[in-house]
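Colleague: I'd like to ask some things about the structure below.
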Amino acid sequence: MTLFWILSAALTALLALVIILPLTRGRAESSHSRNELNTQLYHQRLKELKQDSELGLLEDDTALQQELQKSLLDDVVSQEPKARGGRSPLVVISAVALAVLVSVGAYWQVGAHREVAEWQRVSAQLQELSRKVLIEPDETVTEQDMHELMLALRTRLHLEGDDYRGWLLLGRLALEMRDGETARDALEKAMRLTDEPDAVRVPYAEALAMTGESLRAEQMVSDVLARQPGNLEAWSVFAFMALQQNDYALAIARWQQMLNIMPEDNPRYAMVQRSITFAEQQMTSSEQAPVTGPRYQVEINTGTSVPYHPGAVLFVFAVDANGGEMPLAARRIEQPAFPLSVTLSNADAMVPENNLSTRDEVVIKARIAPSGNVTDVTNAWEGRSSKLSTDEDRQLTVLIDTPL
């Protein structure tokens, strides 16, 4: 805040100078220009008198020259008080007052003073928010409380940046709020500050998967499990990575490994069993659905310029290559981790009678919609394939790199 006020004062002083200098210089330069003009006129008139005298047109040219000199002296002297008068303190004080009023008015209208005041209020409540959200949580805790706690914690860490546990806590809170970029940055700092990086690697891998670095995340969790085969958190993250890729068999295998090393009285035991049941139902549904017509195995990734939006949804859909935006088949994937692979077939048809097989050629599109609504193109990005024939199965890659 100190730097802000220093810069504000400097800008206000600069604005005052912009107002004052033209006023003072304008008057001085005006007087100076007028004196120069009077001098030029004097010399011109003196030359004319000399010519008239040589022609014998004047009776007393000496008197006329003295009168001309007196007139010039009167004009030059009379301008000096005016030039000094233009630099009066009243002009300076008025300019400074105007600059201050303009600066304050502009900041009040378009500045972020309300946001700054709210930030200061939240930052002062770190202990109260920590107690409410972390120590004594109940049903009154809201998403706004979580955001305020993260803001207050980030402010404290900005001032005391060597607190490893604080960065770790911020990273875990960001993971819970599905803010992958904040989680990744905070956990990177925690890893640099701790002597036990394995304690941070698992949540860090989860953040990497959330921001699209799934291959690196998988390798990191594998390394942790190689050293700590009984790490339940690592197995849990490992299983959800497989689930995000729609690899239900692999997710079940990883959850089953958790059950093998977890006592049955563990509160998480029943939750893992329910996760296995869910994955089995998804597998059964996929196996029972009659699949006819073309199958497209689509590998999807994002360009480097595509921003991460927490809560964004990926839509993969096929449309008629010869016109029409009505999806013939579509998949909706929440919290996608790129790169990922999606299979699109007639089993994903929006209307059974209007599927891929009813067209000669299709185009497959992949769209990231931050709002979760495929029709809302606000901050949405898209990628599309070339035209694909519907008389054969295909493997293809779609890169999301075009803003809508």
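The values are calculated or read from the model by the stated rules, or taken from the named source; none is laboratory data. Keep in mind that this is a model prediction, so the values were computed, not measured. Glycine gets a Cβ as well: all are built from the backbone with ideal geometry, and neighbour counts include every protein chain shown. Surface areas here come from the heavy atoms of the whole protein model, side chains and all, with no ligands, DNA or RNA. Shrake-Rupley method; radii C 1.70, N 1.55, O 1.52, S 1.80 Å.
Colleague: For a quick check: with amide H placed at 1.01 Å from N, whose amide H comes under 5 Å from GLY212's, ignoring anything fewer than 5 positions away on the same chain?
Modeller: Answer set, sorted by chain and number: PHE338.
Colleague: Could I ask something else about it? What number do you get for the stretch 138-222 when its Cα radius of gyration is normalised by 2.2 N^0.38 Å, N = residues?
Modeller: Ratio of Cα Rg to 2.2 N^0.38 Å: 1.09.
Colleague: Run the numbers for SER222 and THR304: contour at 0.36 nm per residue of separation, minus the present Cα-Cα distance, in nm.
Modeller: 26.9 nm
Colleague: What is the packing order of peptides 176-184, 302-310, taking the mean over residues of other C-beta atoms within 10 Å and listing the highest first?
Modeller: Final packing ranking: 176-184, 302-310.
Colleague: While we're here: Show me the trypsin sites (Lys or Arg not before Pro) within the stretch 353-404 that DSSP assigns to loop and that have at most 14 other Cβ atoms within 10 Å of their Cβ.
Modeller: LYS387
Colleague: Under 8 Å for C-alpha pairs, at least 6 residues apart: give me the relative contact order for the stretch 142-300, rounded to a whole percent.
Modeller: It rounds to 12 percent for the stretch 142-300.
Colleague: Would you mind getting me the FRET efficiency between ALA270 and ASN322? Use the beta-carbon distance for r and R0 = 45 Å, nearest 0.05.
Modeller: It comes out at approximately 0.30.
Colleague: Once ligands and nucleic acids are excluded and a 1.4 Å probe is used, how much of ASP247 is accessible, expressed in Å² to the nearest 10?
Modeller: 60 Å²
Colleague: Let me ask something else. Under the Karplus relation 6.51 cos²θ - 1.76 cosθ + 1.60, θ = phi - 60°, what is the ordered set of whole-Hz ³J(HN,Hα) values for the stretch 242-255, x standing for Gly and Pro?
Modeller: Result, rounded to whole Hz: 5, 5, 5, 8, 6, 9, 5, 5, 5, 4, 4, 4, 6, 5.
Colleague: Could you run the Karplus curve 6.51 cos²θ - 1.76 cosθ + 1.60 with θ = phi - 60° over the stretch 294-311 and give me ³J(HN,Hα) per residue in whole Hz, x for Gly and Pro?
Modeller: Karplus-based 3J(HN,Hα) across the stretch 294-311 equals x, 10, 10, 8, 10, 8, 10, 9, 10, x, 5, 8, 6, x, 8, 10, x, x Hz.
Colleague: Which of rounded, prolate or oblate describes the stretch 296-404 when judged by the alpha-carbon gyration tensor and an a/c cut-off of 1.5?
Modeller: prolate
Colleague: OK, next. For a quick check: with amide H placed at 1.01 Å from N, whose amide H comes under 5 Å from ALA329's, ignoring anything fewer than 5 positions away on the same chain?
Modeller: ALA318, MET350
Colleague: Let me ask you something else. Express the accessible area of the stretch 125-261 per residue in Å², computed with a 1.4 Å probe while the remaining protein chains stay in the model.
Modeller: With all protein chains present, the stretch 125-261 gives 51 Å² per residue.
Colleague: So, one more: Which FRET efficiency value, to the nearest 0.05, do you get for ASN354 and ALA124 by plugging their Cβ-Cβ distance into 1/(1 + (r/R0)^6) with R0 = 45 Å?
Modeller: Plugging the Cβ-Cβ distance into 1/(1 + (r/R0)^6) gives 0.15.
Colleague: Percent of accessible area on the stretch 339-404 owned by carbon and sulfur, 1.4 Å probe?
Modeller: Here it works out to 45 percent.
Colleague: Sticking with this structure for a sec: Check GLN335: other-chain or 5+ apart residues with amide H under 5 Å from its amide H, H built from backbone geometry?
Modeller: LEU314
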